[in-house]
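Asks: Below is the structure I would like to discuss, written out as structure tokens.
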Amino acid sequence: MWLPIYQMGDIIIALDYAPTEDGNTGQPLVIYSGEDYEILTDYDSFDEWLYTFLSYTLYPEENDDPPSLAAANHSYRSEIRAHLEHHIGPIAATFKREESDSSIDLLWLPPGDEHPYHALITSGLSDRPMDVPDGPRRAQRERAELMIMLPPDWQLSSKNLHSEQGYWPIVWLSMLADYAQGRDNWIAIGNLFPNGNPMTPIADTPFSGVTILPALLSHSHEFGTYRSKDGNRINIYCLMPLYAGEIELLNREGLEALLARFDAHHISGEIADPTRPDSSR
């Protein structure tokens, strides 16, 4: 049960009287009350929210965001891991980016009986909301993790991560995750990222860039749009490499036209298979 105590526009502050695991009640929630209700963030105690609210109200010059949206970053890593293992299978390894200042890790899920492909997925990208432009559905698009699916015969192991074949998916996942956390940056379905200007093939592949697809083409809706325990929506997007002709098609005719070409050429879901046909031909 929620008890509203404050409202500013579409933003409501309410007290949550559903007991936590520790038996506590009355934790403040920041709720968007527009077209779809969204819990933007929560606080451990009323004092924590009140302190944050007063600091933004009394000292606005020291703060960039409005008081109702002020929130600490939460870590969703353990929730994401459980979500992935439930829908795909066990996580075989976590790759730490030791040579980077980024805190985003990569998870590796090897092929299984029900999901015959490798999956590489970011972990930590959703801890911080992206700078999605203002709009009524902003809260539904500002948190995400990125995934790439590779054929079952892909030589992916901790021993060949620095080889051309083993490394380029990791490079692109890491690069786009870092981009998404940059100031005024975000990723969304249909975004296109060519490999350079002018475009050149990605190392050891026939592809010249990537696009972002929903993880709904080969997974259920429950997998691609995870709802965290604190109410935030986390989208799982797929990174799909494209031929140069497909990039031109996407720019010219849009995502629906590209996906229609995929269907016509019987291209399987979001599998990043360098041997697949070029759907633009």
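What follows is calculated from the coordinates using simple rules that are stated; it is not laboratory data. Treat the numbers as computed from the prediction; the structure is a model and nothing was measured. Heads up, the Cβs are rebuilt from the backbone with ideal geometry, glycines too, and the neighbour counts pull from every protein chain shown.
Asks: Contour minus end-to-end for A260 and E85, with contour as 0.36 nm per residue of separation and end-to-end as the Cα-Cα distance?
Replies: Working it through step by step, the gained length comes to 59.9 nm.
Asks: To continue, here is another question. With θ taken as phi - 60° and the coefficients 6.51, -1.76 and 1.60, list the Karplus ³J(HN,Hα) couplings across the stretch 271-279 in order, rounded to whole Hz; mark glycine and proline as x.
Replies: 5, 7, 9, x, 8, 6, x, 7, 6
Asks: Still on this model: Under the rule of at least 5 residues apart or a separate chain, name every residue whose amide H is placed under 5 Å from the amide H of S208.
Replies: So S208 has HN proximity to I202, L242, Y243, A244.
Asks: For E114 paired with M199, estimate the spin-label separation in nm (one decimal), with each label point 7 Å from Cα along the Cα-to-Cβ line.
Replies: Between E114 and M199, the simple spin-label model gives 3.6 nm.
Asks: Full extension from D178 to T275: what is 0.36 nm times the residue separation minus their Cα-Cα distance, to one decimal in nm?
Replies: 32.1 nm
Asks: Let me know the shape class of the stretch 76-265, please: from the alpha-carbon gyration tensor, a ≥ b ≥ c as square roots of the eigenvalues, rounded when a/c is under 1.5, otherwise prolate if a/b is greater than b/c, or oblate.
Replies: Rounded shape, in that the Cα axes give a/c under 1.5.
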